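Structure first, then comments.
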Amino acid sequence: MLPTRRSSVVHFVVILAMACFGVCSSAVAGDEQRVILPFEVNGVARGEVNAVLRGNDVLVPRSMLEEGGIHGLRGSHPNDADPSYVSLSSMAPELTFVLDQEELILQVTVDPRFLGSRSYDLSTAHPENLSYSKDTSAFLNYAVSTHRFREFSGFGEVGVSLRGRLLFSGVSVDGQGKVSRGLSNVTFDDLPHLRRTVLGDSFVSSDALGGSALLGGLTISRNFNLDPYFVRYPSLAFSGATATPSTAEVYVNGSLVRQEELPPGQFEFQNLALPIGSGSAQVVIRDVFGQERVLSSSYYSSAGVLARGLSEYNYSLGFRRNMLANKSFDYSKPALLAYHRFGLTNDVTIGGRLEASSDLVSGGSSMALRLPIGELDFSAAASSGEQQSGFAGSAAYTYLVRRSLSIGGTLRTLSDHYANLTIAPLDDRPKFDVVAFAGLPFSRGSFSVQAGETEYRDKPGSRNIGVSVSLLAGRQSNVFLSATRRKDSGGSSNDVFAGVSYFFGRNTTANISTQRSAGGTTSKVELQKSLPAGTGYGYRLNTPIGAATPGIAQSVAQYQNRFGRYELSVDPRQAGQSLNVSVAGGIVAIGGGFYATRPVQESFALMRVPGVDGVDVMASNQVIGTTNRKGDFLIPNLLSYYGNRLGIQDQDIPLDHEVDSVEKIVAPPYRGGAIVTFPVRRIQNVQGMVVIIEGKTRVIPSYGEMSIDDAHGKTADSPVGSDGAFYFENLAAGKYRAEVRYDGNKKCSFELDIPASDDSFVILPEQHCDQSSKP
């Protein structure tokens, strides 16, 4: 066999074989030449192939074709050839080949159908290096308010997170000093199955014809918020094939959302997430020759349908809790509330509901349909309770066109005695309720109209129709106009509202508005500054225009820092010029310490740069505070299960310290905390001497070389002097694996231990590397 890779011998043999193609093939039909050639499939290098040159044909091992990505082409081989080889000519026209005489490369071109298929998942991916935290933590939120320092009220809530499981309870105190327990429960989240289990108090509800209740018991539900990156709605897919290496760009409504490099062959893009409403998506494919083709599809994405095979459910069983505001243990008769929805196809979702108590059974079915021009939802239900039976039905239609028209409407009807966990058979109810709306955005604002009619069983009904217009009057101002006409048992009335707002910057806005209704005309001027994300102040000043009592009608001053939020309000319209003061804050226990903070909202994190104060802490690339003297900073307002991007400013790290990373992506548990540590190590210059022990002989590795590496992947090198001296810069305290190379090929390894020191220059004792113990 000839040598590989274009040696002079290969070149000679191949040129000789090529010269025979078509010229003397009849004379050498029985002859063959074996060569090893570089191999390309549709322009992509696939290594080398053992080829047999036979006349105008080339034979190659079938296994090498498969290794090159070619599948499903059988071909044949001459009777006198090795059966493991296949003739390339026998695969025409699906496969063609060229033996390049200049480059000496076997170039094969195959129909993309035989190059296999690749799938690309275009769903929103979880961030790389996303860390889910289950650190043990606890929080206490409190809010205290007083009216003229005569009446005091308060609210508090406490939560303990143990390995991601939340124990929670609330408590309130009214102005008379009465204490009441709020919601109390234990929450278990199963992230892989998107399932939440709540043991204790829980608010539950069902579909458009169902009721809602506060139950103390067991609730099991599918909760899509446990994975913010999960796409519950039907997505779009594209498929095609490329004959050459290509680039694919995916656009949704004109915006580039993904770019992929495609090898030759078939491809399929799956799970392309789409915004709600009507729109279009395109895949632009450009091959290596610059040729372009476009795959396009229009779509209508609906929020009411589920992806095929996906379920949404809630099953709750317990005792109804009453008088939550002022009674701690007022539980009454048992109740069941359950619903389940299932994506039958990507366009059809069906569902069922059941509610029951000791004197009620109510249930029904629902269906959501995704259409090319909108979405339809239907529900039907029946009930039996208190010796009364009833039925109900509803229908809804919605059609949204991105940056264009939106129209829709709902219709609901309930019989005289239809009931669920919210409506009792003898309660008044809307027997007929219909609402229709339309909206039209344009370049400088939007226009909308809404109309509705309601008929009740026991009291008179009402009708209303309204229009509203919002206009941009420059970069910093906005005009809003609305008019509504209502008609009920008391006659007809007209409400007209007009307002202008101006944004000054730095969270400050001024509003002037006037409203005319049956009760008269009121006008006011309002100046408001919103609280910043970090430490700062805010206020709201509200004064009527033309009021009987001049001056400011209402004033609110706000301030917040890392420890709490404080508010003072004065309302001269109330007797005695009512004064209210409120204070809200929180205390968090995490990482072996207690931290005063603003009220914890959903989840939180302890940012820790051990022992380094004054380091700027960042969330979503925004500076939100600095570490304290211990190197800690608490962030009270993170999203649970979402990849929160947290980091520090490395320029705040002292020059004699180093940090491995300055950013981490962390997903804390529901209402729990995460400890996010950025370890820093003091670095120092190190000097010492090394001696090789060979039996009873001490050898100085003069003019050798010494290298070290640590567990963090850091490596460093130093020459060894004539006396065995070595020197390293910017090393942290710790243990290093050291290797000394000397006397040509000799090596000796040992452990180098650098002690912690406050000095920037450390001189080590003599280091010994025992070569005699090495095999």
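Couple of notes before you dig in:
- Counting only protein heavy atoms and using a 1.4 Å probe, the accessible area of residue 398 comes to about 40 Å².
- 3J(HN,Hα) couplings calculated from phi for the stretch 80-89 with the Karplus curve 6.51 cos²θ - 1.76 cosθ + 1.60 (θ = phi - 60°) are, in sequence order, 9, 9, 4, x, 7, 9, 10, 7, 5, 4 Hz; Gly and Pro show x.
- Extent along principal axes [Cα atoms of the chain; Å; largest to smallest]: 109, 79, 59
- Accessible surface, 1.4 Å probe, highest first, among residues 606, 73, 191: 191, 73, 606
- Proximal aspartates and glutamates relative to residue 746, as straight alpha-carbon distance under 16 Å, when same-chain residues fewer than 8 apart are discounted: 694, 705, 770
- Under the shape rule built on the C-alpha gyration tensor, where the axes satisfy a ≥ b ≥ c, the stretch 425-580 is prolate, since a/c reaches at least 1.5 and a/b is greater than b/c.
- Of the listed residues 261, 32, the order by accessible area with a 1.4 Å probe, largest first, is 261, 32.
- Note on residue 258 and residue 578: with the Förster distance fixed at 56 Å, the Cβ-Cβ geometry gives a FRET efficiency of about 0.50.
- Local electrostatic count, residue 322, Cβ distance below 11 Å [Lys/Arg +1, Asp/Glu -1]: +3
- Amide H within-cut-off set for residue 683, under 5 Å, with H built and near neighbours excluded: 657, 658
- Rounded percent of accessible protein surface that carbon and sulfur make up, the chain, 1.4 Å probe: 54 percent
- Within-12-Å neighbourhood charge of residue 165 [Cβ basis; K, R +1; D, E -1]: +2
- Local electrostatic count, residue 622, Cβ distance below 14 Å [Lys/Arg +1, Asp/Glu -1]: -1
- Annotation note: trypsin sites (Lys or Arg not before Pro) in the stretch 42-96 located in DSSP loop regions with a Cβ neighbour count of at most 14 within 10 Å are 74.
- Ranking by accessible area, most exposed first, for 529, 714, 431 with a 1.4 Å probe: 431, 714, 529
- Solvent-accessible surface of the chain, taken per residue with a 1.4 Å probe and all protein chains present: 52 Å².
- A DSSP coil position with no more than 16 other Cβ atoms inside 10 Å describes the following GluC sites (Glu not before Pro) in the stretch 341-429: 386.
- When you filter the GluC sites (Glu not before Pro) in the stretch 720-775 for DSSP loop state and at most 15 other Cβ atoms inside 10 Å of their Cβ, you are left with 766.
The values are calculated or read from the model by the stated rules, or taken from the named source; none is laboratory data. The shown structure was predicted, so the numbers you read here are calculated from the model rather than taken from an experiment. Cβ atoms come from the backbone with ideal geometry, glycine included; neighbour counts cover every protein chain shown. Keep in mind that these areas ignore ligands, DNA and RNA; they rest on the heavy atoms of the full protein, side chains included. Shrake-Rupley method; radii C 1.70, N 1.55, O 1.52, S 1.80 Å.
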